[in-house]
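The values are calculated or read from the model by the stated rules, or taken from the named source; none is laboratory data. Given the structure is predicted, the values throughout are model-derived calculations rather than measurements. Reconstructed Cβ throughout: ideal geometry from the backbone, glycine too, with neighbour counts over all protein chains shown. Keep in mind that these areas ignore ligands, DNA and RNA; they rest on the heavy atoms of the full protein, side chains included. Shrake-Rupley method; radii C 1.70, N 1.55, O 1.52, S 1.80 Å.
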Amino acid sequence: MILPDYAIEATGLVKTYPATKTTGEMQALKGIDLKIPRGSIFGLLGPNGAGKSTFINILAGLTKKTSGKVTIWGRDIDERPRDARAAIGVVPQEIAADPFFTPRESLEVQAGMYGVPPSERRTMELLNALGLGDKANAYVRQLSGGMKRRLMVAKAMTHNPPVLILDEPTAGVDVELRRQLWRYVLELNRKGVTIVLTTHYLEEAQELCDQIAIVNRGQVVACEPTTTLLSRLDSRAVLVTPEVPVTVAPALAGFETRLRPGGAFAVTYKTGKSSVEQVLAAVRAAGLHIKDIATEDPSLEDVFVSLTYGDPTALSPTGV
Ligand code: ADP
């Protein structure tokens, strides 16, 4: 079998929600072009309302696109909808576990819905992989929130899809569970599963994804390997701790300054235009004695701000 270069390919994807009594027509996706490489951990990053869920719902066959072309694992969602859907497993945002099924039954029912014959089902293997082996016969209502979340991942994998989509997987999830979830997701990725992760947590995408697309107001504003995206950002910050703590960030000609805890301040400079040396000279010229300095790496928050800077319609990175 020839494997596709891209796990998912969207070209000119548009989604317009019709007007309701209270709201006007809403163009949630304004011509999205995205190529998600096979084998990657791909982050779809954007503030609330950017269009991430709309995109995922179109892939999952839950929302009908208005126009454009989408293929999943090389299968066009219009021409081969069933085959396209069989190639992805979606872990939804909300936990939607049936309280009357045990985890084992829940996975069996799910596998049945996808037409997986009993001999090919991997129910216990999946439950064990997600640390739910000893809960196989418990009622779902007896499981903790974290266990239910892991059950959702197991359900999404029952038909062994080559692409796994996690929609805001760690919203409201504790640190220990996050770590567990990522361990399993990374393991799946090592076995060749392409992972698509939507998030509005910048650190999460930065930490996990090898490629990131930033979406804002229904448009892709950047799509690059994570390292390229970060290096594209030409502003850096120097954290200065003065001998005498300051209560107001000092004004330094040509630089932007921000107050930091403990009487310190950060000075932002453009790598192409100035150097750390010039920053320090400006600090000294302002009459401040330096006790300590540290450099700060740019975060995706900085990237987002720099990419959408000057765009008054951009949503803020946190969606508020
Ligand atoms: P995200 O997942 O990035 O938070 P969504 O895809 O949920 O973004 O939403 C994108 C835009 O589409 C938002 O402005 C949202 O209000 C709107 N929207 C989402 N679903 C619907 C719907 N069913 N009907 C009308 N508008 C919708």
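Restricting to the stretch 6-230, compute how many DSSP beta bridges are antiparallel as a %, nearest 5. Walk me through the intermediate numbers first.
Numbers: 22 of 40 bridges.
Restricted to the stretch 6-230, the bridges split so that about 55 percent are antiparallel.
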- Alpha carbon centroid spacing (whole Å) that separates the stretch 11-50 from the stretch 74-113: 22 Å
- The aspartates and glutamates whose Cα lies under 17 Å from the Cα of LYS291, excluding any fewer than 8 residues away in the same chain, are GLU243, GLU277
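Would you calculate, for the chain, the mean residue ellipticity at 222 nm contributed by helices, counting each DSSP H stretch of 4 or more residues as -39,500 (n - 2.57) and dividing by all residues, to the nearest 500? Could you put the intermediate results ahead of the total?
Details: 10 runs with 93 residues, N = 320.
Mean residue ellipticity at 222 nm (helix-derived): -8500 deg cm²/dmol.
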- Could you check how many percent of all C-alpha pairs in the stretch 155-199 are farther apart than 14 Å? 51 percent
- Specify which residue in the list GLN180, THR198, GLY24 is farthest towards the positive end of the charge dipole of the chain, using unit charges on the beta carbon of Lys, Arg (+1) and Asp, Glu (-1), about the Cα centre. GLY24
- Among VAL244, VAL163, VAL221: highest mean-square fluctuation, GNM of the chain, C-alpha pairs under 10 Å: VAL244
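Provide the FRET efficiency to the nearest 0.05 for the SER275-GLN27 pair, computing r from the beta carbons and using R0 = 35 Å.
Numbers: r = 44 Å, r/R0 = 1.27.
So the FRET efficiency works out to roughly 0.20.
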- Task: Could you tell me what percent of the accessible area of the stretch 6-230 is made up of carbon and sulfur, with a 1.4 Å probe and every protein chain present?
- Result: 49 percent
- Per GNM of the chain with C-alpha springs under 10 angstrom, the most fluctuating residue out of ALA111, ALA285, ALA156 is ALA285
- Item | Pair-distance profile P(r), taking every C-alpha pair of the stretch 1-130, with 5 angstrom steps and integer % | 2, 9, 15, 19, 17, 15, 12, 8, 3, 1, 0
- Cα principal axis extents for the stretch 124-226, largest first, Å: 47, 28, 22
- Query: trypsin sites (Lys or Arg not before Pro), restricted to the stretch 163-196: which are DSSP loop and have at most 16 other Cβ atoms within 10 Å?
  - Reply: LYS191
- Query: Relative to the present Cα-Cα distance, how much length would full extension add between ASP174 and ALA251 at 0.36 nm per residue of separation?
  - Reply: 23.7 nm
- Message: 7 Å from Cα along Cα→Cβ at both SER231 and ASP76: what's the point-to-point distance in nm?
- Response: 3.9 nm
- Note on the structure: Counting only protein heavy atoms and leaving out ligands, DNA and RNA, the solvent-accessible surface of GLU79 at a 1.4 Å probe, in Å² to the nearest 10, equals 140 Å²
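How big is the charge dipole of the chain about its Cα centre, in debye rounded to the nearest 20, if each Lys and Arg gets +1 on its Cβ and each Asp and Glu gets -1 on its Cβ? Working shown, then result.
Working: 36 positive and 35 negative charges, 116 e Å.
The calculated dipole for the chain is roughly 560 debye.
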- Can you list residues whose amide H is under 5 Å from ILE32's amide H, if they're 5+ apart or on another chain and H is modeled 1.01 Å from N? GLY12, LEU13, VAL14
- Across 20 Å bins from the origin, how do the percents of Cα pairs in the chain run, short distances first? 28, 48, 21, 3
- Task: Could you point to the residue in VAL240, GLY254, ALA266 farthest towards the positive end of the stretch 234-297's charge dipole, with +1 and -1 charges on the Cβ of Lys/Arg and Asp/Glu respectively?
- Result: GLY254
- Task: Give me the Kirkwood hydrodynamic radius of the stretch 234-297, using the inverse of the mean 1/r over all pairs of distinct Cα atoms, in Å to one decimal.
- Result: 11.5 Å
